[in-house]
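The values are calculated or read from the model by the stated rules, or taken from the named source; none is laboratory data. Given the structure is predicted, the values throughout are model-derived calculations rather than measurements. Ideal geometry is used to build each Cβ from the backbone, glycine not excepted, and the neighbour counts take in all protein chains shown. Ligands, DNA and RNA are excluded from the accessible area calculation, which covers all protein heavy atoms including side chains. Shrake-Rupley method; radii C 1.70, N 1.55, O 1.52, S 1.80 Å.
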Amino acid sequence: MDLAVVESDLGECNVTMSNALARASHALSLIEKRVLAASIARVDSRKGNKIHAHLAEFSKIRISALDYAETYGVDPKNAYEHLKSAADHLFERQFSIKSGSGRYERITRYRWVSSATYAKNEGFIEVSFTPEVYPHLNALRNQYTTYKLKNAASFRSAYSWRLFEIARSWLEHCASGQVVTITVENLRHQLEWPESYKWNDARKRAIDPAVAEIAQFEHLDITYKVVKHGRSIHALEFVFKEQSQLEMKI
């Protein structure tokens, strides 16, 4: 089987999405997250091309096994299996966005892709995003989150990747000296740890390991304080901060 030729350095492309999508529930495994992030990076890399924006929702985006292997440091043989696994499951994956609060809270669910094709003997996957996804990816002028794909490629946990995106969506807010308050229920919705997790489970298995991995690979400081209602832990107050070059050297 021949690997497709790499069209560009995928890791240098930007993953750009609306803040609403960055803070949504993504319901993806790490492999699926890698494939969709690479596909979003392809969308971003084509923004300068003279294509008709109204046709974007019908575009098929191709990620080759070599693209995947080089971007994520995976053996090419494993890359084939990863792409096949993603193709097998992506059509059923959904993301959900919360709006409102209390009695008026609404959760709207959407499919990520309208099609997912794995070319067994050609070593690539092709996906088409649904029309509901594209407004969160295209022609964004404000309220968006962006990062280079290579800056998330080292993550070995879906929790880390999701917290990283959430953190980046709030950087400007925190730069003005404000904190970000996220209820434990909303954070569980965003990071998607199992409902069976008690607070200590969530902290030890999801939140703290993600904070540590993000600090290690992306030099992004994440600190939080617990907010209680009585004896119950109700929310977390986060501060998200990019390390300066001086801090990184020290």
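The table for this structure:
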{"quantity": "Peptides ranked, highest mean first, by Cβ atoms within 10 Å: ranges 172-182, 102-112", "calculated": "172-182, 102-112"}
{"quantity": "Backbone HN-Hα couplings from phi across the range 107-121 [Karplus 6.51/-1.76/1.60, Hz, Gly and Pro as x]", "calculated": "10, 10, 10, 9, 7, 6, 10, 8, 7, 8, 10, 10, 8, 3, 9"}
{"quantity": "Per residue value of the accessible surface for the chain (all protein chains in place, 1.4 Å probe), Å²", "calculated": "54"}
{"quantity": "12 Å beta-carbon shell around Trp161, net charge (K/R +1, D/E -1)", "calculated": "0"}
{"quantity": "Listed residues Tyr224, Phe164, Gly102: farthest to the positive end of the dipole of the chain (Cβ charges)", "calculated": "Gly102"}
{"quantity": "Loop chymotrypsin sites (Phe, Trp or Tyr not before Pro), the range 148-250, which have at most 16 other Cβ atoms in a 10 Å radius of their Cβ (DSSP)", "calculated": "Tyr197"}
{"quantity": "Cross-link pairs beyond the 25 Å C-alpha cut-off, checked among Lys84/Lys241; Lys33/Lys148; Lys84/Lys198; Lys148/Lys241", "calculated": "Lys84/Lys241; Lys84/Lys198"}
{"quantity": "Estimated 222 nm signal from helices in the chain, with DSSP H stretches of n ≥ 4 weighted -39500 (n - 2.57), rounded to 500", "calculated": "-9500 deg cm²/dmol"}
{"quantity": "Kirkwood-type radius of the chain, with distances r between different C-alpha atoms, in Å", "calculated": "19.1"}
{"quantity": "Size of electric dipole in the chain: Cβ of Lys, Arg +1 and of Asp, Glu -1, about Cα centre, debye, nearest 20", "calculated": "740"}
{"quantity": "Distance between the range 103-142 and the range 174-250 - C-alpha centres, whole angstrom", "calculated": "27"}
{"quantity": "Whole-percent carbon and sulfur share, accessible surface of the range 179-250, 1.4 Å", "calculated": "49"}
